[in-house]
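Chemist: Below is one structure. I have some questions about it.
The values are calculated or read from the model by the stated rules, or taken from the named source; none is laboratory data. Please read these numbers as outputs of a predicted model, since none were measured by experiment. Because the Cβ atoms are built from the backbone with ideal geometry, glycine has one as well, and the counts that use them run over all protein chains shown.
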Amino acid sequence: MTSYDASMTAPNHFRVENCSIERTLAILGEKWTFLVLREAFNGVRRFADMQAGTGAPRQVLSARLAKLVEEGLLRKVPYREPGSRRRDEYRLTEKGLDLYPIMVSLMQWGDRYLTDSDGPPVILSHRDCGSPIGVHLRCADGHDVPSARAVTPEPGPGARRLAS
């Protein structure tokens, strides 16, 4: 096994066209998308209810929902109110549900730095015991990781070296 050289992670040593953050932002990196996901995590499933909850213009919401369905984060489920035409509800898929820690992290950051003096507008609690929840980083051995300063980025199996 070769020893790890921290200089190998310098930005000029690896190409970034396969960056996971960039790929994720290509799907999620927009305010309306996060607001749609917020509504979906809060149990909102119908277009009109999502529009009311997000304040998104109809065309914007329609485009965001289509993108989230196309990317497999939401799925359409047909329903019909008595006397009305068939419509679709939007439900989170497993891929969409996996975004929950990201949503909680954004909320925690906003609660810490952007909340009014009244305090956070929403508090998340564990359904089983009622205790507040939050996102905490841990390594695979179970150690808490207090900040980015305690992390060492290393090339992964998908890392691509720059041509010299």
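Chemist: Do we have Val145 as within 22 Å of the chain's Cα centre (by Cα) and over 23 Å from Thr33 (Cα atoms) here?
Modeler: yes
Chemist: So the check is Cβ under 8 Å with 6+ separation or different chains; which pairs have a first residue in region 33-57 that's touching a residue at least 24 places away in the same chain (Cβ under 8 Å) and a second one that's of a type in the set (Val, Ile, Thr) and in a helix (DSSP H, G or I)?
Modeler: Close Cβ pairs (under 8 Å, with a partner that is of a type in the set (Val, Ile, Thr) and in a helix (DSSP H, G or I)) amount to Thr33/Ile27; Val36/Thr54; Arg38/Thr54; Met50/Val36; Ala56/Val36.
Chemist: Then there is this: Scan region 95-111 and tell me whether some residue there is over 20 Å from Phe34 (Cβ atoms) and either in contact (Cβ under 8 Å) with a residue 60 or more places away in the chain or in contact with a strand residue (DSSP E or B) (Cβ under 9 Å, 6 or more places away or on another chain) (or both).
Modeler: No, every residue in region 95-111 fails to be over 20 Å from Phe34 (Cβ atoms) and either in contact (Cβ under 8 Å) with a residue 60 or more places away in the chain or in contact with a strand residue (DSSP E or B) (Cβ under 9 Å, 6 or more places away or on another chain) (or both).
Chemist: Being within 22 Å of Arg127 (Cβ to Cβ) and surrounded by fewer than 11 Cβ atoms within 10 Å (Cβ to Cβ) is the requirement here; does Glu70 meet it?
Modeler: The answer is no for Glu70.
Chemist: When residues of region 1-45 are filtered for being in a loop (DSSP other than H, G, I, E, B) and modelled with pLDDT of 95 or more, how many remain?
Modeler: The total comes to 4.
Chemist: Glu81 passes all but one of (1) free of Cβ contacts under 8 Å to residues at least 24 places away in the same chain; (2) more than 23 Å from Asp49 (Cα to Cα); (3) acidic (Asp, Glu); which number fails?
Modeler: Looking at each condition in turn, Glu81 falls short on (2).
Chemist: Would you pick out the residues in region 115-131 that are over 19 Å from the mean Cα position of the chain (by Cα) and of a type in the set (A, V, I, L, M, F, W, C)?
Modeler: Hit for region 115-131 is Cys129, nothing else.
Chemist: Okay, next question. Within region 40-58, can you find the residues that are closer than 16 Å to Pro78 by Cα and charged (D, E, K, R)?
Modeler: Arg45, Arg46, Asp49 - these are the residues of region 40-58 that are closer than 16 Å to Pro78 by Cα and charged (D, E, K, R).
Chemist: Oh, and also: With the requirement that a residue be of a type in the set (Asp, Glu) and loosely packed, with under 13 Cβ neighbours inside 10 Å, what does region 73-99 give you?
Modeler: Glu81, Glu94, Asp98
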